[in-house]
1. How many residues are of a type outside the set (D, E, K, R) and surrounded by fewer than 22 Cβ atoms within 10 Å (Cβ to Cβ) when one looks only at region 94-113?
2. Of all the residues that make up region 75-90, how many are in a helix (DSSP H, G or I), of a type outside the set (G, A, S) and open to solvent by 10 Å² or more (accessible area, probe 1.4 Å)?
3. Of everything in region 107-125, what is in contact (Cβ under 8 Å) with a residue 40 or more places away in the chain and either within 18 Å of the chain's Cα centre (by Cα) or in a helix (DSSP H, G or I) (or both)? Give them in sequence order.
4. As an exercise: evaluate L68 against (1) farther than 17 Å from S202 by Cα; (2) part of a helix (DSSP H, G or I); (3) touching a residue at least 40 places away in the same chain (Cβ under 8 Å) and give the number of the one condition it does not meet.
5. May I ask you to verify whether E192 is in contact with a Gly (Cβ under 8 Å, 6 or more places away or on another chain), farther than 28 Å from H279 by Cβ and buried (at least 18 other Cβ atoms within 10 Å of the Cβ)?
6. Any idea which residue in region 141-182 is nearest to W36 (Cα to Cα), counting only those that are surrounded by fewer than 23 Cβ atoms within 10 Å (Cβ to Cβ) and either among the polar types (S, T, N, Q) or at pLDDT below 95 (or both)?
7. Could you say which residue among N281, N301, N317 is open to solvent by 50 Å² or more (accessible area, probe 1.4 Å) and modelled with pLDDT of 95 or more?
8. Regarding T39, is this residue part of a loop (DSSP other than H, G, I, E, B) and either among the polar types (S, T, N, Q) or over 25 Å from S190 (Cβ atoms) (or both)?
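The values are calculated or read from the model by the stated rules, or taken from the named source; none is laboratory data. Computed from a predicted model, the values in this text were never measured in an experiment. Neighbour counts are summed over all protein chains in view; Cβ atoms, including those assigned to glycine, are modelled from backbone coordinates with ideal geometry. Protein only, heavy atoms only, side chains kept; ligands, DNA and RNA dropped before computing areas. Shrake-Rupley method; radii C 1.70, N 1.55, O 1.52, S 1.80 Å.
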Amino acid sequence: MFKERSKEEFKPAVNWNDIRDQFTELFWNQNIRQFWIDTEIPLTEDKNTWKTLSADEQDVYKKVTGGLTLLDTEQASLGMPEIALKVDDLRAKAILNFMGMMEHMHAKSYSSIFSTLCSTTEIDEIFAWLHTQPQLQKKIKVISAYYTSIKDNESLYMAMSASVFLESFLFYSGFFYPLYLAGQGKLVSSGEIINLIIRDESIHGVYTGILAQEIFKSFNDSTKKKLTKQVNDLLVELYEIEIEYTTEIYTKIGLVGEVLKFIQYNADKALMNLGHDPHFNIKETDVNAVVIRGLDTKTKNHDFFSTKGNGYIKTTNVVETTDDDFDF
């Protein structure tokens, strides 16, 4: 998977007709089918709901959305490009770079939410807060250290594992509150953007996890045991940061316990994306039912001609993905 290429070596062209596996073209096609842009989701209707939220509720919403913006920016600008640069398969590079572009779309979409709901002064305050929020900055430093340390297959595997943890686990402390509110009929249009982002992050985590599993197969038993420990140690380190972050953000609205259950649930999903056993063993029924329903990215009830939600179907052969699609 990892390959250093000398300057003198010939430069190959990607050959999409070279079928090496069962999953590469599937993920390319699914990424294309899921393509969307933030301006396709009208957000103005959320202004009325926004005014009904308390100051604390508004503050939490702004902070978790700002935190998501920071994580998406890092994934788009550093994570996906570094991993794509280091993988050898040119088709995998294409898919990873496409997913990195969508991370930029995610980051931009949060700014669309901010510009709809917040004043310029409030927006400036959110971004100033991000620069100094200790747990967010710590998350970024921990994850980024893996992205900037890729030198062989082992470090590439760990960078991919960190990427899966970011997209399948760390984002979800931020996703909880928009899903929680949208499930109660509040900020529904902004919640629709969150649903589209979750749909993307789901496929990103699965694909990067499969690439990581392909590398993992090449290691001997001793290396597999060592890397499995490193993955679990990283999970514990990140979860400890998440406890601090969740407590800092959600205490004022009394949701810390429910958010932590949700985070644990998604941490297990991230481990399973990497082919490892779950750590927390949290069942779906242990998580807030409103938020779990929000994870369902099937078609929402939107008028086809006025709103492009995640149920919008382009004039192509679009199919709903299921877990079975990724069972190879």
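1. Residues flagged as of a type outside the set (D, E, K, R) and surrounded by fewer than 22 Cβ atoms within 10 Å (Cβ to Cβ) within region 94-113 amount to 10.
2. The number of residues fulfilling the criteria is 6.
3. Selection gives K108, S109, Y110, S111, S112, I113, F114, T116, L117, E122.
4. (1)
5. Criteria met by E192.
6. So the residue we want is S144.
7. The unique qualifying residue is N281.
8. It is false that T39 is part of a loop (DSSP other than H, G, I, E, B) and either among the polar types (S, T, N, Q) or over 25 Å from S190 (Cβ atoms) (or both).
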